[in-house]
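Only one structure is covered here, and it is reproduced in the block below.
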Amino acid sequence: MVAFSLFPNSSLDHEPPGLLWSRQSFENTIHFMKRETFYITSPIYYVNDVPHIGHAYTTLACDMLARFYRQAGRDVAFLTGTDEHGQKVQRVAEAKGIDPKLFVDDVSKTFRILFEKLGISNTVFARTTSPDHYKAVQDMWKRLKDNNQIYLGSYSGWYAVRDEAFYGEDEIKDGKAPTGAPVEYVTEPSYFFRLSAWQQPLLDYYEAHPDFIAPESRRNEVISFVKGGLRDLSISRTSITWGVPVPGDEAHVIYVWLDALNIYLSGLGYPSDKEAFEKFWSESLHIVGKDILRFHAVYWPAFLMAAGMQPPKRIFAHGWWTKDGEKISKSIGKPIDPVEIMDQYGNDAFRYFVLREVPFGNDGDYSEMAFINRLNADLANTYGNLVQRTLAFVYKQNEGKLPTPGAMTAEDKTLLALPSTMLTDMTKHMEAQSLHRAIERVWEGLFEGNRYMDVQKPWSLKATDPERMQTILYVLCDFIRQMAILSSSIVPELSSKILDQLGIAIHKRDFDALGKSLTPGADILEPKPLVQKVV
Ligand code: MSP
């Protein structure tokens, strides 16, 4: 039985109110309501490397989706974690002269700490070294064996430790894997999975489920790879010991990818507890980097189908971050430390930049200049200013109370109706994992808010028409409330600060609060500067 801790990271000193609310709301309602579900997973990260921007990126994207669907009222499971077996990890531990288990405990913790710092709202932090996960991997092995999908043979060929992948002779160029990873020739007894038998069923599955792999260009790449022919896959190693033993033949450990992919099942408690699995699996979305799409979109559905199980609902592959045009990783140099950036500029600024700057699915290049431009233009000028000028004016002019509106004009009504329309558009973009478009839509709304304020000029009506001024300020406050609800999955800390200033109760920060309105005359807090501009 897996204990479903909704926010294992809740040891945070300053848990944002949005998070707190989500947990309470979840726990209060789960017992008596049957809600739509959503299962979002990030890849689990190799513990040979210190966490960098790439790891933070995938997990932040998942977090935006998780928070969005929670606000939409869905019951969300969100898995992230660490991939702790395999030759790569074994070698690093050996080189450091540390017992692999102690080594992985240590590095896994750094990922956990990073995700706490990032404010990730994962419900599960899963590790491949956990006993429950061993059970799931061995259960998968037995299913495959019982279904005659595994046979014993011998592997002679190329292996890239960096990718933990086998490569065919035809894929090796200049002595390297297509990814540029160094390869070594291995000859060892090995169990094989009958992947070749799954070529046609996979192609049929892709055709019958056009939304299974996204974006479209990646889907086409996968289809042409599979059409090119599939060889049986080596799924055990005898030359390493750091892994899950093959049931009944402990001289072999299970290939690290067959091991790791099963985390998506074991993280739900499978096979001991099938309840969460049954509840969430049909709504599963794996977010992965483009480099590991083949494992997720070819091997994983083949393993599952061969075991008599359903593939996940959808797999989305995002692009890669580079810095100054070069790859980022410890082994290649030029790492970007997300913690350093967050310490300097704040969590939301980092999160906003990586999710907004690059269309989700494309590659992107990190530059400090682009980062500062976004922070200043989008967060400080567009969002921060709108809120700051409105709330400071209301607080001062109205003795810290929300204004009372009079009759509303067509412009007032249009502005107040905008957030609900925006939610419809945002939802459409989120369904397609066009995270950047969902964000763009919210910022278009914020521009409208600024424009309304500039046109209506409430400050100019103080002496001539104080009643109209009150109405305009009320409209602005109610608009800002709704915008902060919409932006909660994008910039959670900033959004919850705004909602706190407006005195919005924690349980009124959901999408169903959008059409409702603020209570006139209610107290607001003294506004504090929200976004620090970088000069
Ligand atoms: N352990 C496997 C995943 C197993 S999932 C069952 C793995 N781990 S990894 O740590 O090497 O990479 C994890 C994820 O980080 C991948 O999705 C990868 O694409 C992503 N990134 C690593 N570096 C990246 C960038 N520079 N930019 C964007 N994402 C990148 O693969």
- Query: Quick check: anything in the stretch 229-251 touching an Asp or Glu at 6+ places or on another chain (Cβ under 9 Å), within 30 Å of Gln433 (Cβ to Cβ) and of a type outside the set (Ser, Thr, Tyr)?
  - Reply: no
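Let's see how each residue does on (1) of a type in the set (A, V, I, L, M); (2) more than 16 Å from the ligand (Cβ to nearest atom); (3) farther than 20 Å from Asp291 by Cβ; (4) outside the structural domain of Asp510 (by TED's automatic domain parsing):
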position: Ile44; (1), (2), (3), (4): yes, no, no, yes
position: Asp49; (1), (2), (3), (4): no, no, no, yes
position: Thr58; (1), (2), (3), (4): no, no, no, yes
position: Tyr69; (1), (2), (3), (4): no, yes, yes, yes
position: Ala72; (1), (2), (3), (4): yes, yes, yes, yes
position: Asp75; (1), (2), (3), (4): no, yes, yes, yes
position: Gln87; (1), (2), (3), (4): no, no, no, yes
position: Gln90; (1), (2), (3), (4): no, no, yes, yes
position: Asp99; (1), (2), (3), (4): no, yes, yes, yes
- Message: Just to be sure before I move on: is Phe78 surrounded by fewer than 22 Cβ atoms within 10 Å (Cβ to Cβ), in a strand (DSSP E or B) and within 19 Å of the chain's Cα centre (by Cα) in the structure I sent?
- Response: no
- Task: Output the helices (runs of 4 or more DSSP H) that fall wholly within the stretch 345-427 and possess 3 or more residues being touching a residue at least 40 places away in the same chain (Cβ under 8 Å) and surrounded by fewer than 19 Cβ atoms within 10 Å (Cβ to Cβ), or say none.
- Result: 385-397
- Note on the structure: Residue count, the stretch 248-292, condition open to solvent by 50 Å² or more (accessible area, probe 1.4 Å) and more than 18 Å from Pro43 (Cβ to Cβ), comes to 10
- Query: So is Val358 away from the ligand (no atom under 15 Å from the Cβ) and more than 23 Å from Trp257 (Cα to Cα) or not?
  - Reply: no
- Item | Candidates Asp337, Asp363 - the one that is within 14 Å of the ligand (Cβ to nearest atom), over 30 Å from Leu446 (Cα atoms) and among the acidic types (Asp, Glu) | Asp337
- Task: Quick one: count up the residues across the stretch 164-206 that are of a type outside the set (Gly, Ala, Ser) and touching a residue at least 40 places away in the same chain (Cβ under 8 Å).
- Result: 15
- Exactly one of Asp478, Asp523, Asp510 is in the same structural domain as Glu440 (by TED's automatic domain parsing) and surrounded by fewer than 22 Cβ atoms within 10 Å (Cβ to Cβ), and that residue is Asp510
- Task: Quickly run through the stretch 131-176 and pick out the residues that are assigned to a loop (DSSP other than H, G, I, E, B) and either outside the structural domain of Lys88 (by TED's automatic domain parsing) or crowded, with 16+ Cβ neighbours inside 10 Å (or both).
- Result: Gln149, Val161, Arg162, Asp163, Glu164, Ile172
- Taking the stretch 498-521 and keeping only residues that are over 22 Å from Ile472 (Cα atoms) and outside any loop (DSSP other than H, G, I, E, B), one is left with Ile506, His507, Lys508, Phe511, Asp512
- Note on the structure: Expected output for the stretch 57-77 (first residue of a type in the set (Gly, Ala, Ser), partner assigned to a helix (DSSP H, G or I) and within 16 Å of the ligand (Cβ to nearest atom), Cβ below 8 Å, 6+ apart or cross-chain) is Ala61/Leu355; Ala61/Leu435
- If you go through the stretch 291-304 one residue at a time, do you hit one that is more than 10 Å from the ligand (Cβ to nearest atom), basic (Lys, Arg) and in a loop (DSSP other than H, G, I, E, B)? no
- Tally time: how many residues in the stretch 239-290 are within 14 Å of the ligand (Cβ to nearest atom) and not in a loop (DSSP other than H, G, I, E, B)? 18
- Message: If I filter the stretch 8-24 for residues that are modelled with pLDDT of 90 or more, part of a helix (DSSP H, G or I) and either farther than 30 Å from Ser239 by Cβ or more than 16 Å from the ligand (Cβ to nearest atom) (or both), do I get at least one hit?
- Response: no
- Answer yes or no as to whether Arg127 is of a type in the set (Lys, Arg), touching a residue at least 12 places away in the same chain (Cβ under 8 Å) and away from the ligand (no atom under 14 Å from the Cβ). no
- Can you name the number of the only condition in (1) part of a helix (DSSP H, G or I); (2) within 9 Å of the ligand (Cβ to nearest atom) that Leu65 fails? (2)
- Single residue of the stretch 305-321 satisfying the filter (outside any loop (DSSP other than H, G, I, E, B) and open to solvent by 30 Å² or more (accessible area, probe 1.4 Å)) that is farthest from the ligand (Cβ to nearest atom): Met305
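The values are calculated or read from the model by the stated rules, or taken from the named source; none is laboratory data. Keep in mind the model is a prediction, meaning the values are calculated, not measured. Note that we place each Cβ from the backbone using ideal geometry, even for glycine, and neighbour counts take in every protein chain shown. Side chains are part of the model used for accessible areas, which takes the heavy atoms of the whole protein and leaves out ligands, DNA and RNA. Shrake-Rupley method; radii C 1.70, N 1.55, O 1.52, S 1.80 Å.
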